[in-house]
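Asks: I have a structure I would like to understand better, so I am pasting it below and will then ask my questions one at a time.
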Amino acid sequence: MSEHDHSYKLLFSHATMVKDLLRGFVHEAWVEELDLASLEKVSGSFISDDLRSREADLIWRVRWSDQWLYIYLLIEFQSTVDPFMAVRMLTYLGLLYQDLIKHRQLTAANQLPPVLPLVLYNGQPRWHSARNIRDLISAVPSGLDKYRPQLEYLLLDEGALSEQELAPLQNLVAALFRLERSQTVTDIQAVLTHLMDWLQTPQQDSLRRDFITWLQRVILPKRLPQVQFPPIQELQEMRNMLAETVQQWYVEAETQGHQQGLQQGLQQGKLEGERLILKLQLQAKFGLLSLAVEEQIQALDAETLLPCAQRLLTATTIEEVFTELP
């Protein structure tokens, strides 16, 4: 299992992440009927060897009314879309049900519990495969159709979610997806600010550490391959180091400004650093920023940024900072 896969499995081994996954991305009425405080990861002793070999998969259960509902979370990190994913899900569901029968994990009426088969996919191509196994089976003679199996899985395709959909959500899974698609230091900084606010209690220490591990081992090496970060223990420390990195880029670009093309890099690095400073100052004065405000900051150029920073000194609202922009 890759570092990326392993980190995702660690993150979704926390009940808080599964809660936010259900509340933020499963838009169905029955989710409101779940007792999310009862969420528990299914012990490995109740999973067959065939299922245990699926290292990136997790199985949770949660109370629904007076019975358990199971969530089979299949995490896929493949670069191509699997056209027969529905067949795989049918197989995994059958193995899960076999284990539940074997260990007598049935309902009071001696029936099998309901299962939500969920595929979490973060590959580059958008998902386009059939989500119901019925759609993979060719047309059948009259009368045989009733024997054709039916199983539909719920697909969560990260890449299909826009920044406009994710940014307003006060949701850890949305933050995870935003970090996945981040392109600049500023993007990462914006999400880190939210994570620092949402993961500050002692009960969240373990989840916070897993986020830091994933950021340092997966996200930062991909976004900043030229930067060697020391071991980081806290999100605040990571945010400070990123701010120092932006400043270092500016200094290095300035000292090497005689090289061809570095002048443009100098200006861009300086501008991004100034935007970041303005953003941090706004957050310190007014609290968490909306997506609209973050977009306004990102749109500022060298001519409009300084007046905004000057108005911030006396402004009593965020709107006053941007009041004279065209």
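Asks: Quick one: is ASP157 among the charged types (D, E, K, R), touching a Ser or Thr at 6+ places or on another chain (Cβ under 8 Å) and without any contact (Cβ under 8 Å) to a residue 60 or more places away in the chain?
Replies: no
Asks: Still on this model: Within the range 124-140, is even one residue within 25 Å of THR80 (Cβ to Cβ), aromatic (Phe, Trp, Tyr), in a strand (DSSP E or B) and out of contact with any Cys (no Cβ under 6 Å at 6 or more places or on another chain)?
Replies: no
Asks: When you look at ASP82, is it outside any loop (DSSP other than H, G, I, E, B) and in the same structural domain as GLU33 (by TED's automatic domain parsing), yes or no?
Replies: Spelling it out, it is not the case that ASP82 is outside any loop (DSSP other than H, G, I, E, B) and in the same structural domain as GLU33 (by TED's automatic domain parsing).
Asks: Related question: Of everything in the range 178-201, what is farther than 30 Å from LYS270 by Cβ and part of a helix (DSSP H, G or I)? Give them in sequence order. Talk me through it step by step, then tell me what you get.
Replies: First pass over the range 178-201, keeping only residues farther than 30 Å from LYS270 by Cβ: 198-201.
Answer for the range 178-201, where residues must be farther than 30 Å from LYS270 by Cβ and part of a helix (DSSP H, G or I): just TRP198.
Asks: Then there's this: Among what's in the range 149-166 and is modelled with pLDDT under 90 and surrounded by 11 or more Cβ atoms within 10 Å (Cβ to Cβ), pick the residue that is nearest to the chain's Cα centre (by Cα).
Replies: First, pick out the residues of the range 149-166 that are modelled with pLDDT under 90: 158-159, 162-164.
When the remaining residues are screened for being surrounded by 11 or more Cβ atoms within 10 Å (Cβ to Cβ), the result is 158-159, 163.
Numbers: GLU158: 8, GLY159: 10, GLU163: 12 Å.
The qualifying residue nearest to the chain's Cα centre (by Cα) is GLU158.
Asks: Right, something else. Please pick out the residue among GLU319, GLU303 that is in a helix (DSSP H, G or I), under 27 Å from ARG178 (Cα atoms) and free of Cβ contacts under 8 Å to residues at least 12 places away in the same chain.
Replies: So the residue among GLU319, GLU303 that is in a helix (DSSP H, G or I), under 27 Å from ARG178 (Cα atoms) and free of Cβ contacts under 8 Å to residues at least 12 places away in the same chain is GLU319.
Asks: What number of residues in the range 279-295 are free of Cβ contacts under 8 Å to residues at least 40 places away in the same chain and either crowded, with 19+ Cβ neighbours inside 10 Å or not assigned by TED's automatic domain parsing to the domain that holds ASP197 (or both)?
Replies: Going through the range 279-295 one residue at a time, the tally reaches 1.
Asks: Among residues belonging to the range 196-220 that are modelled with pLDDT under 90 and within 18 Å of THR186 (Cβ to Cβ), point out the one that is surrounded by the fewest Cβ atoms within 10 Å (Cβ to Cβ).
Replies: ILE219
Asks: Go through TYR92, TYR97 for me and flag whichever is aromatic (Phe, Trp, Tyr), more than 20 Å from GLU28 (Cα to Cα) and without any contact (Cβ under 8 Å) to a residue 40 or more places away in the chain.
Replies: TYR97
Asks: So which of ARG178, ARG217 ends up being in contact with a helix residue (DSSP H, G or I) (Cβ under 6 Å, 6 or more places away or on another chain), closer than 27 Å to ASP157 by Cβ, free of Cβ contacts under 8 Å to residues at least 40 places away in the same chain and not assigned by TED's automatic domain parsing to the domain that holds LEU21?
Replies: On inspection, the qualifying residue turns out to be ARG178.
Asks: Consider only pairs whose beta carbons are under 6 Å apart and that are at least six residues apart or on different chains; among these, list those whose first residue lies in the range 19-37 and is closer than 18 Å to GLN67 by Cβ and whose second residue is of a type outside the set (A, V, I, L, M, F, W, C).
Replies: ASP35/ARG63; LEU36/LYS19
Asks: For THR304, only one of the following conditions fails: (1) touching a helix residue (DSSP H, G or I) at 6+ places or on another chain (Cβ under 8 Å); (2) modelled with pLDDT of 85 or more. What is its number?
Replies: Among (1) touching a helix residue (DSSP H, G or I) at 6+ places or on another chain (Cβ under 8 Å); (2) modelled with pLDDT of 85 or more, THR304 violates only (1).
Asks: Quick check: anything in the range 105-115 crowded, with 16+ Cβ neighbours inside 10 Å, free of Cβ contacts under 8 Å to residues at least 60 places away in the same chain and of a type in the set (S, T, N, Q)?
Replies: In the first step, residues of the range 105-115 are kept if they are crowded, with 16+ Cβ neighbours inside 10 Å; the result is 105, 113, 115.
From what's left, free of Cβ contacts under 8 Å to residues at least 60 places away in the same chain: 105, 113, 115.
Next, from what is left, pick out any that are of a type in the set (S, T, N, Q): 105.
Yes.
Asks: Of (1) surrounded by 14 or more Cβ atoms within 10 Å (Cβ to Cβ); (2) at pLDDT 85 or above; (3) within 26 Å of GLU165 (Cα to Cα), GLU319 satisfies all except one. Which?
Replies: The failed condition is (1).
Asks: Now for a different question. Determine if the range 2-24 includes at least one residue that is at pLDDT 90 or above, within 24 Å of the chain's Cα centre (by Cα) and either in the same structural domain as GLN203 (by TED's automatic domain parsing) or more than 30 Å from PRO221 (Cβ to Cβ) (or both). Show your work before the answer.
Replies: As a first pass, look at the range 2-24 and keep what is at pLDDT 90 or above: 11-24.
Checking which are within 24 Å of the chain's Cα centre (by Cα) leaves us with 11-24.
This time we only want the ones that are either in the same structural domain as GLN203 (by TED's automatic domain parsing) or more than 30 Å from PRO221 (Cβ to Cβ) (or both), so: 22-23.
The answer is yes, given that some residue of the range 2-24 is at pLDDT 90 or above, within 24 Å of the chain's Cα centre (by Cα) and either in the same structural domain as GLN203 (by TED's automatic domain parsing) or more than 30 Å from PRO221 (Cβ to Cβ) (or both).
Asks: Let me ask you something else. Give the residue, chosen from LEU112, LEU96, LEU106, LEU144, that is under 30 Å from the mean Cα position of the chain (by Cα) and among the hydrophobic types (A, V, I, L, M, F, W, C).
Replies: Step by step, each of LEU112, LEU96, LEU106, LEU144 is checked, and only LEU96 is under 30 Å from the mean Cα position of the chain (by Cα) and among the hydrophobic types (A, V, I, L, M, F, W, C).
Asks: Filter the range 184-231 for residues that are of a type in the set (Asp, Glu) and more than 15 Å from MET17 (Cβ to Cβ) and give the result. Working first, answer last.
Replies: We begin by selecting, within the range 184-231, every residue of a type in the set (Asp, Glu); these are 187, 197, 205, 210.
Result: ASP187, ASP197.
Asks: Can you name every residue in the range 222-254 that is in a helix (DSSP H, G or I), over 28 Å from THR201 (Cα atoms) and at pLDDT 80 or above?
Replies: LYS222, ARG223
The values are calculated or read from the model by the stated rules, or taken from the named source; none is laboratory data. This one's a predicted model, so the numbers in the text were calculated from it and none came from an experiment. So basically every Cβ, Gly included, is an ideal-geometry build from the backbone, and we count neighbours across all protein chains shown.
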